[in-house]
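Below you'll find the structure, written out as structure tokens, and then a few comments.
The values are calculated or read from the model by the stated rules, or taken from the named source; none is laboratory data. Remember, predicted model here, so these are calculated numbers, not experimental data. Surface areas here come from the heavy atoms of the whole protein model, side chains and all, with no ligands, DNA or RNA. Shrake-Rupley method; radii C 1.70, N 1.55, O 1.52, S 1.80 Å.
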Amino acid sequence: MKRHTLTTMTAGIILCLSGCAATQTSEMNTGERISQRGGQISHYGESWSAGQKDAKLGQRMVDKSNRSSDSARKQLADARADVLKAEARIQAASDAKIEGEQLILDGTMKMNQAEADYARVRAGPSAKSGNPKF
């Protein structure tokens, strides 16, 4: 029986001590609470700083994209102006070609007429025939 009483007492003491230990660890003193709160605040500060860094990076990306878009729009406008100039040159060349082809036709007709006139003159009376006055 002594042995049973001793075991019961030992178990009781262990339970009391563990209860006291649990009570002490669950209740933090002011310094521990401030340290824990500081850790939480620090975490929020780090998150805010990371967010601020991302926001600045994002703004730089937006600014760069805007500059790139503006540059590309200017290049596109310049290219469109170049296309209009090229189309005008093509139209001028086409007009000149049509005028040149018409000149070829007119020139060919004049040459044919000149050959026909020359052939008539050759086919006509000889310059030796007629009334010589010698």
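Quick one: 3J(HN,Hα) in Hz for the range 28-39, Karplus 6.51/-1.76/1.60 with θ = phi - 60°, rounded, Gly and Pro as x.
9, 7, 4, x, 5, 5, 5, 4, 5, 5, x, x
At 1.4 Å probe size, with the rest of the protein present, what percent of the exposed accessible area of the range 26-78 is carbon and sulfur atoms?
Summing carbon and sulfur atoms, their accessible area is 55 percent of the total for the range 26-78.
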